[in-house]
Amino acid sequence: MLQRLFLGFAPTEIQRQQLGQLQHILINSLNPTAKAVTAANLHLTLAFLGMATESQRQQLISLLDVLDKPQLSVRLHQIALWPKAQVCCLKGTEVDAELALLAEQTQAIARDLGLHVSEHAFRPHISLFRKAKNLSLGQETCLNSLANMPFNELTLVPDALHLYHSASTQSGVEYRLLHTWPLGK
């Protein structure tokens, strides 16, 4: 059976609440068809892996078991709209060396296993909305929305890297945790 997989980091519960507040502020700036990402699905993707067989999944887990996974920090501080992907997100503009290396290593593993490899450089972000085609107030106004928040940036300091299965259900997409690796150990 094939599973749609990705590697990512989960925000804390407090950060999920802050992201929910940001979604609430931004919703009126987006087209009516924009769909907010549910709190349970909020995450920062390290690598989208695409469809994988059980064998590929097991090999992936084995290869990641021995990979160095340092403690990381990711600063997210800008609102972005990616029209082609129809995603509105909170993104960072800087990638520290350890995070960049981990992203490169996971892409190399994906390539070696015949999984999806991104054609884009790693861009740290948390998707807030899908089917977001435009920002009715304009990108600049949305960037200024962060000034109205109880925080003006979000810094993730994840304690684990997770392997997720993106499962389609009757109530929508659910991200199911398949495996976890502690960071910094």
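Select from the range 15-24 the residues that are open to solvent by 60 Å² or more (accessible area, probe 1.4 Å) and touching a residue at least 60 places away in the same chain (Cβ under 8 Å) and list them in ascending order.
Kept after step one, since they are open to solvent by 60 Å² or more (accessible area, probe 1.4 Å), are these residues of the range 15-24: 17, 21, 24.
The one that is open to solvent by 60 Å² or more (accessible area, probe 1.4 Å) and touching a residue at least 60 places away in the same chain (Cβ under 8 Å): Gln21.
Output the residues belonging to the range 29-73 that are touching a residue at least 12 places away in the same chain (Cβ under 8 Å), among the polar types (S, T, N, Q) and closer than 24 Å to Ala100 by Cα.
Asn41, Thr45, Gln56, Gln59, Gln71, Ser73
I'm told Met1 meets every condition in (1) open to solvent by 40 Å² or more (accessible area, probe 1.4 Å); (2) under 26 Å from Thr155 (Cβ atoms); (3) at pLDDT below 95 except one. Can you identify the failing condition by its number?
Of the numbered conditions (1) open to solvent by 40 Å² or more (accessible area, probe 1.4 Å); (2) under 26 Å from Thr155 (Cβ atoms); (3) at pLDDT below 95, the odd one out for Met1 is (2).
Exactly one of these conditions fails for Met149: (1) open to solvent by less than 40 Å² (accessible area, probe 1.4 Å); (2) at pLDDT below 90; (3) within 30 Å of Thr53 (Cβ to Cβ). Give me its number.
(3)
Please verify whether the range 6-14 includes one or more residues that are out of contact with any Leu (no Cβ under 9 Å at 6 or more places or on another chain) and either touching a residue at least 12 places away in the same chain (Cβ under 8 Å) or open to solvent by less than 30 Å² (accessible area, probe 1.4 Å) (or both).
Taking the range 6-14 as the starting set, the residues that turn out to be out of contact with any Leu (no Cβ under 9 Å at 6 or more places or on another chain) are 13-14.
Still in the running and either touching a residue at least 12 places away in the same chain (Cβ under 8 Å) or open to solvent by less than 30 Å² (accessible area, probe 1.4 Å) (or both): none.
Within the range 6-14, not a single residue is out of contact with any Leu (no Cβ under 9 Å at 6 or more places or on another chain) and either touching a residue at least 12 places away in the same chain (Cβ under 8 Å) or open to solvent by less than 30 Å² (accessible area, probe 1.4 Å) (or both).
Assuming Thr106 fulfils every condition listed in (1) touching a residue at least 60 places away in the same chain (Cβ under 8 Å); (2) hydroxyl-bearing (Ser, Thr, Tyr); (3) farther than 24 Å from Glu174 by Cα apart from one, which condition is it?
Of the numbered conditions (1) touching a residue at least 60 places away in the same chain (Cβ under 8 Å); (2) hydroxyl-bearing (Ser, Thr, Tyr); (3) farther than 24 Å from Glu174 by Cα, the odd one out for Thr106 is (3).
The values are calculated or read from the model by the stated rules, or taken from the named source; none is laboratory data. Just so it is clear, the model here is predicted, and its values are computed rather than measured. Cβ sites come from the backbone with ideal geometry, for glycine too, and all protein chains shown count toward neighbours. Keep in mind that these areas ignore ligands, DNA and RNA; they rest on the heavy atoms of the full protein, side chains included. Shrake-Rupley method; radii C 1.70, N 1.55, O 1.52, S 1.80 Å.
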